[in-house]
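First the structure, in the form of C-alpha cells, and then the observations on it.
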Amino acid sequence: MNRPVRIAWHKRASAAAAREPAAWLEGGWQHSDAAPDVLRRILTATDPAEVEAIRMAAEKTLLEHCGDTVRLRGLIEFSNRCVLDCHYCGIRRGNRAVKRYSLTLDDVVACARWCADKGYGSLVLQSGERRDAAFVRRVEAMIRAIKEATRSEAQPDGLGITLCVGEQAPESYARWFAAGAHRYLLRIESSSPELFARLHPENQWFETRVACLKVLREIGYQVGTGVMIGLPGQTVDHLVDDLLFFRDLDVDMLGMGPYLPHAQAVLPGEIPGAQERLRLGLRMIAAARLLLRDVNIAATTALQALADDGREQGLRFGANVIMPQVTPPRVRAMYTLYDGKPCLDDTAEQCAVCLENRIASVGRKTAKNQWGDSVKFARR
Ligand code: 5AD
C-alpha cells in the first residue's frame, strides 16, 4: 500500500521548480565535440525541473551577454505577391484563394514614421518573394524614403532597416545595402538539404540559400537565419544540426518558430501536437542562446499562435527581440503564412500597448530609439 504513495511523492519532488541553472550546461562545451550531446539533452528534456534549470541557464546567459533590454522592430508586411510555391506557406503562388496586395510607398513611409514616433528604433520590411527589376527598384525607393523620413535628433541615422524579402541577386542585395538597409533575415528553414527539398518545389535549392547567406555577409549586412520547428519528418537530430549550422555560419540573428499548418498549404505528414511544438520551440530558443550567447534571437509571432503568452515565454527562454505588427490592419489578414495568426484586427497602437505590458510582465524593458544590433555584430 505504501508503494504507490512513495512513487507519487517522488514524481512531485522531481517536478518541483529548479532553483539553479543546470550545472551540466556550464563550461566550454559550445565549440567542443560535446556540443551535439548537450544540445540533444536540452531539446529532449521533459522533466519540468530540468526544463526550468535549462530556462534559467538560458536567461542568465542572455542577461550576462546582452543585458535585459528587448529590442523592437516594427514589422511591415508590404506585399503578399510571391513567385515561389513553398509547400508550407499560406501565401505561396499556387494558393489562388489569397487576394494579393502591395502597399504604396506612402503607406510604407507612414508606417515607418509611426515606428519612429513610438521610439521603436528599427523596422523589418517583409514581403513575398519577387526578383523583377520593378520590385528591386521599389524596395530601394522604400529604404531611401524611410531613411529620409525618420532621421531625427533621437536617431540621426534614421530607423534601422532589416530586409526579409528572400533569395535575390547579389547586385540587388548590394543596392539595398547602399541605400541604407543593414540587416537581412533569410531563414534556411532546415539545414538538412534533404528535408529542405521536401519542403520546397524542385526549382528551390538549399545551396542557393546558403550562397545567399554568404553573399549577404560579404556585403556587410548583419545576417539572420532560422528554421521552422516541428515540421513533418523533422527529428531531434535535424534540430541539433540546425543549431550547429547557425554556429558554423556565425550568424548575428535568429528567427525561429513552430511550424503551423495552413489549410491551403500542401505539406503532408504527421507533426507533433501544438503543445509539444510550442515546448520544442522554447527549448530551441534556450539551446540557441546557450550555444551562441550574444546573438539577437526573436520571440516570433508563431509562438503566440500556439499560446497567448507564447512570445513572453520566448523571452523567458532567452529571446531578446520582438517584432510588433505595424502592417495596416486592412491588409493584415491577406498575409497569413499560417492559420491562427494572432493580432489580425488590432491596430498598431493596440499592439504597442499590449506588447509593452507583456514585456514588463516578464521583468524586461524595451530599448527606445536604438537600432539594437546584436552584441555579436558589435564585437566583429
Ligand atoms: N508555419 C510557420 N512558419 C511559417 N513560415 C512560412 N510558413 C509558415 C508556416 N506554415 C515562416 C518561414 C518563413 C517566414 C517568413 O515565415 O520560416 O521564412
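Structure notes:
- Of the criteria (1) touching a residue at least 12 places away in the same chain (Cβ under 8 Å); (2) open to solvent by 10 Å² or more (accessible area, probe 1.4 Å); (3) within 16 Å of the ligand (Cβ to nearest atom), which one Leu163 fails: (2)
- No other residue among Lys376, Lys341 is in a loop (DSSP other than H, G, I, E, B) and of a type in the set (Lys, Arg) apart from Lys341.
- For the stretch 229-245, filtering for residues that are surrounded by fewer than 24 Cβ atoms within 10 Å (Cβ to Cβ), within 15 Å of the ligand (Cβ to nearest atom) and not in a loop (DSSP other than H, G, I, E, B) leaves 2.
- Of everything in the stretch 246-257 that is of a type outside the set (Gly, Ala, Ser) and crowded, with 18+ Cβ neighbours inside 10 Å, the residue that is nearest to the ligand (Cβ to nearest atom) is Met256.
- Matching residues, the stretch 329-351, being among the hydrophobic types (A, V, I, L, M, F, W, C) and either touching a strand residue (DSSP E or B) at 6+ places or on another chain (Cβ under 8 Å) or modelled with pLDDT under 85 (or both): Val331, Cys343, Ala348, Cys351
- Arg217 vs. criteria within 12 Å of the ligand (Cβ to nearest atom), part of a helix (DSSP H, G or I) and touching a strand residue (DSSP E or B) at 6+ places or on another chain (Cβ under 9 Å): no
- Tally of residues being open to solvent by 50 Å² or more (accessible area, probe 1.4 Å) and not in a helix (DSSP H, G or I) across the stretch 345-372: 9
- Qualifying residue in the stretch 78-85 (condition: β-branched (Val, Ile, Thr), within 16 Å of the ligand (Cβ to nearest atom), under 22 Å from the mean Cα position of the chain (by Cα) and assigned to a loop (DSSP other than H, G, I, E, B)): no
- Only one of Ala149, Ala211, Ala197 that is open to solvent by 10 Å² or more (accessible area, probe 1.4 Å), aliphatic (A, V, I, L, M), part of a helix (DSSP H, G or I) and closer than 17 Å to Cys115 by Cα: Ala149
- Residue check, Thr327 of a type in the set (Ser, Thr, Tyr), under 28 Å from Asn80 (Cα atoms) and away from the ligand (no atom under 12 Å from the Cβ): yes
- You will find that of Leu303, Leu260, Leu291, Leu278, the residue that is open to solvent by less than 20 Å² (accessible area, probe 1.4 Å) and part of a loop (DSSP other than H, G, I, E, B) is Leu260 and no other.
- Number of the condition not met by Ser122 [criteria: (1) in contact with a Phe, Trp or Tyr (Cβ under 6 Å, 6 or more places away or on another chain); (2) loosely packed, with under 14 Cβ neighbours inside 10 Å]: (2)
A quick yes/no check of all residues on (1) free of Cβ contacts under 8 Å to residues at least 12 places away in the same chain; (2) buried (at least 19 other Cβ atoms within 10 Å of the Cβ); (3) under 22 Å from Trp371 (Cβ atoms):
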site: Leu62; (1), (2), (3): no, yes, yes
site: His65; (1), (2), (3): no, no, yes
site: Asp68; (1), (2), (3): no, no, yes
site: Ser79; (1), (2), (3): no, yes, no
site: Cys82; (1), (2), (3): no, yes, no
site: Gly90; (1), (2), (3): no, yes, no
site: Thr104; (1), (2), (3): yes, no, no
site: Ser127; (1), (2), (3): no, yes, yes
site: Ala133; (1), (2), (3): yes, no, no
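The values are calculated or read from the model by the stated rules, or taken from the named source; none is laboratory data. These numbers come from a predicted model, not from an experiment. In this analysis, Cβ positions are derived from the backbone assuming ideal geometry, glycine residues included, and neighbour counts consider all displayed protein chains. Remember, those area values only see protein heavy atoms, side chains included, never the ligands or the DNA or RNA. Shrake-Rupley method; radii C 1.70, N 1.55, O 1.52, S 1.80 Å.
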